[in-house]
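Bear in mind that the values in this text are calculations on the coordinates, not laboratory data. All values reported here derive from a predicted model rather than from experimental measurement. Please note: Cβ atoms are built from the backbone with ideal geometry, for glycine as well, and neighbour counts cover all protein chains shown.
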Amino acid sequence: MLPLLGLHHVALICSDYAASKRFYTEVLGLEILAETYRAARDSHKLDLAVNGQYVIELFSFPSPPPRPSYPEAAGLRHLAFAVPDVEAAIRHLEAHNVPCEPVRTDELTGRRFTFFSDPDGLPLEFYER
């Protein structure tokens, strides 16, 4: 068996670097670990953490094609962030004009969750612990 140690990070490509950087850092509160501009690729790379743990590589590239989200396509479905209180998380997003879907309850765990989208329409989830 392969000895996997855990998930290292998730890489995302955004269409508007400034808007996505603001969303992930100012709205969601992720911490910037490193920020790099690669002139040869005309690309930014932003390393982001949750509670000090590296979780997201945010890239920008010139004119990326849009991501098919609806109907759902094969591949990555969404990213889920654990929160202590889904209602408080929704109020925080609403204060930043980020709409959320109605709260649902996971029929397998009994936990509450909601979906919302990043600036490029990537589905994101808050899942209550």
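The magnitude of the dipole of the range 13-89, with charges of +1 and -1 set on the Cβ of Lys/Arg and Asp/Glu and taken from the Cα centre, is near 340 debye. Applying the criteria of a DSSP loop state and at most 15 other Cβ atoms within 10 Å to the GluC sites (Glu not before Pro) of the range 98-129 yields 107. Of the peptides 65-74, 17-26, 49-58, the ranking by mean beta-carbon count within 10 Å, highest at the top, reads 17-26, 49-58, 65-74. Report summary: the helix-based calculation at 222 nm, which adds -39500 (n - 2.57) for every DSSP H run with n ≥ 4 and divides by the residues of the chain, gives -3500 deg cm²/dmol. Quick one: compute the contact order of the chain, relative version, from alpha carbon pairs under 8 angstrom and 6+ residues apart, as a percent. Over the chain, the number comes to 22 percent.
Taken about its Cα centre, the chain carries a charge dipole of roughly 240 debye when the Cβ of each Lys and Arg holds +1 and the Cβ of each Asp and Glu holds -1.
Based on the Cβ-Cβ distance from residue 26 to residue 79, what FRET efficiency comes out when R0 is 25 Å, to the nearest 0.05? Efficiency computed from Cβ-Cβ geometry: 0.90. Under 15 Å from a label point set 7 Å out along the Cα-to-Cβ vector of residue 16, the amide N atoms of the range 98-129 belong to 98-99, 117-122. In degrees, nearest 10, range 0 to 90: what is the angle between the Cα axis of helix 86-95 and the longest Cα principal axis of the chain? Rounded to the nearest ten degrees, it is 50.
Here is the tail figure for the range 1-99: Cα pairs spaced more than 21 Å apart come to 45 percent of all pairs. Over the chain, with a Gaussian network built from C-alpha contacts below 10 Å, which listed residue (12, 30, 46) shows the highest mean-square fluctuation? Most flexible of the set in this elastic network: 12. Restriction of the trypsin sites (Lys or Arg not before Pro) in the range 38-109 to DSSP coil positions whose beta-carbon has at most 15 other beta-carbons within 10 angstrom yields 77.
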